[in-house]
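Have a look at the structure below before the remarks.
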Amino acid sequence: MTSASLAQALRACASGIYAAEAAVGMLIAHAAWLDRDDFRRFIDAAPGTGMAAIDWPAAAAALSAGQLPSSQGEQKMLRMAASIAGHAPVVLGDTITGIDDHNIQIVIAAILHASGQRRFPSIP
């Protein structure tokens, strides 16, 4: 499955659930995670349905256990996406510190989207 088709399948599965849409939108906008084979093991793509879902608790646990080597920025984005999806609480003050402007814009759009102001997929 290509990254584009995977993104489409994730969006289809999350459709109508603002927090899920926002979390998936964050990962798609951040771009680093969907291209990684080690992360794709946490994505369940249902054959023939055009839908896919992320196992957020397992991905967050693997990240915490050091099983997903990544930069601090990538880690923070995955943790915040999992948190918005409702599966991994984060300390926002610690998590947003040091994130570059592009990723802050992604986080802001995700928070607005999760609150009902639909922002994804059009993100800066």
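Its Cα centre serving as origin, the chain has a Cβ charge dipole (Lys and Arg +1, Asp and Glu -1) of approximately 220 debye.
When each of the peptides 101-110, 81-90 is scored by how many other beta carbons lie within 10 Å of its residues on average, the order from highest to lowest is 81-90, 101-110.
Taking a ≥ b ≥ c as the square roots of the eigenvalues of the Cα gyration tensor, region 1-64 is classed as rounded, since a/c falls below 1.5. Within the accessible area of the chain, the carbon and sulfur atoms contribute 57%, probe 1.4 Å, all protein chains present. Take every Cα pair under 8 Å whose residues are at least 6 apart in sequence, average their separation, divide by the length of the chain, and the relative contact order is 31 percent.
Working note: 222 nm ellipticity from helices only, DSSP H runs with n ≥ 4, each -39,500 (n - 2.57), summed and divided by the residues of the chain, gives -16500 deg cm²/dmol to the nearest 500. Per-residue extension of 0.36 nm, minus the Cα-Cα distance of Ile111 and Ala65, leaves a gain of 13.9 nm for this segment. Shape class of the chain from the Cα gyration tensor (axes a ≥ b ≥ c, square roots of the eigenvalues): oblate, since a/c reaches 1.5 or more and a/b does not exceed b/c.
The values are calculated or read from the model by the stated rules, or taken from the named source; none is laboratory data. This structure is a prediction, so every number in the text was calculated from the model and none was measured. Positions of Cβ are generated from backbone atoms using ideal geometry, with glycine treated the same way; all protein chains shown enter the neighbour counts. For the accessible areas, the whole protein counts, side chains as well, though only heavy atoms, and no ligand, DNA or RNA atoms are used. Shrake-Rupley method; radii C 1.70, N 1.55, O 1.52, S 1.80 Å.
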